[in-house]
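Here's the structure, in structure tokens; my notes come after.
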Amino acid sequence: MRIGRSTQIYPNVYLEGNTRVGKGCTIYPNVRILDSIIGADSVIKDSTLIENSVVKKRASVGPFARIRPGSQIGESAGIGNFVEIKKSVIGAGTKAGHLSYLGDSKIGSNVNIGAGTITCNYDGYRKYITVIEDDVFVGSDSQLIAPVKVGRGAFIGAGSTITEDVPSMALALSRVEQRNLSDWVTKRRLRVKSEQNKKRRAKSKERKAKN
């Protein structure tokens with residue numbers, strides 16, 4: 001194990017195996033790093049687990065992130081809270097800020113991964129690869145069904161389920177068209193109130209019949 005100069009390590013941090021931490025890093029409390037390389041000037045935030053992976057310089061990981069074996073986090077990339085990375089390459093400057101699972105993926109540089117994004121890599125029998133090229137924007141709550149490729153600069157609309165390759169610079173949308181039903185709430189309230197009144201009248205009749 002090696003730790004570079006000017007690195008700050010907070011209490012309750014576990015560095016195990018052949019872990020190497022570069023210079024100028026900050027590792028916050030309750031972090032466990034096993035057999036991994038942390039590049040210079042990186043920040044590992046609270047309650048993060050990193051196993052058998054590489055975090056390149058100036059990256060930020062956590063809090064509450066999990067980097068599983070075989071992963072590589074690129075230079076100046078950001079992996080935020082409740083994000084799980086499994087056997088994936090994350091390019092330089094790419095951001096996955098919160099609540100995402102990126103498994104068996106090759107993700108390029110300067111990609112935005114919206115909250116709730118999932119790469120669906122397992123069909124019950126085999127694992128498949130998701131490829132996301134540079135400068136892609138993936139909207140929140142999107143599912144990418146592997147094997148699938150998203151071309152450079154493409155845009156995935158929020159709430160989409162992507163089952164086919166997306167060409168470079170294209171917009172992909174798969175959600176159902178929104179419908180606004182006028183006065184639906186008012187009509188529903190009247191219907192519910194009418195049903196409640198019917199029930200009350202029926203109960204009143206039952207009580208009178210018993211008397």
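The table that follows gives values for the structure above.
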quantity	calculated
Calculated from backbone phi, Karplus (6.51, -1.76, 1.60) coupling profile of the range 106-117 in Hz, x at Gly/Pro	10, 10, x, 8, 6, 9, 9, 9, x, 4, x, 6
Calculated FRET efficiency for the pair Asp165/Arg5, C-beta based, R₀ 41 Å, to 0.05	0.30
Positive minus negative residues near Val148 (Lys, Arg vs Asp, Glu; Cβ under 9 Å)	-1
Farthest positive-ward along the chain dipole, Cα basis, beta-carbon charges - from Val185, Thr26, Met1	Val185
Cross-link pairs beyond the 27 Å C-alpha cut-off, checked among Lys187/Lys210; Lys23/Lys149; Lys57/Lys127; Lys86/Lys149; Lys23/Lys127; Lys57/Lys86	Lys187/Lys210; Lys23/Lys149; Lys57/Lys127; Lys23/Lys127
Computed helical MRE - 222 nm, the chain, DSSP H runs ≥ 4 contributing -39500 (n - 2.57), nearest 500	-4500 deg cm²/dmol
Whole-Hz ³J(HN,Hα) from phi, Karplus 6.51 cos²θ - 1.76 cosθ + 1.60, for the range 41-56, glycine and proline x	6, 8, 10, 10, 8, 3, 6, 10, 10, 10, 10, 6, 9, 10, 10, 7
For the range 141-146, 3J(HN,Hα) per residue [Karplus equation, 6.51 cos²θ - 1.76 cosθ + 1.60, θ = phi - 60°, Hz, x = Gly/Pro]	6, 9, 10, 10, 8, 6
Cβ-defined net charge surrounding Asn121, 15 Å radius [Lys, Arg +1; Asp, Glu -1]	+4
The range 19-45 and the range 153-207: distance between their alpha carbon centers, rounded to Å	46 Å
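None of the figures in this text is laboratory data; all of them are computed from the coordinates on show. As the structure is a computational prediction, the values presented were derived from the model and not from experiment. All Cβ positions, glycine included, derive from the backbone under ideal geometry; neighbour counts span all protein chains shown.
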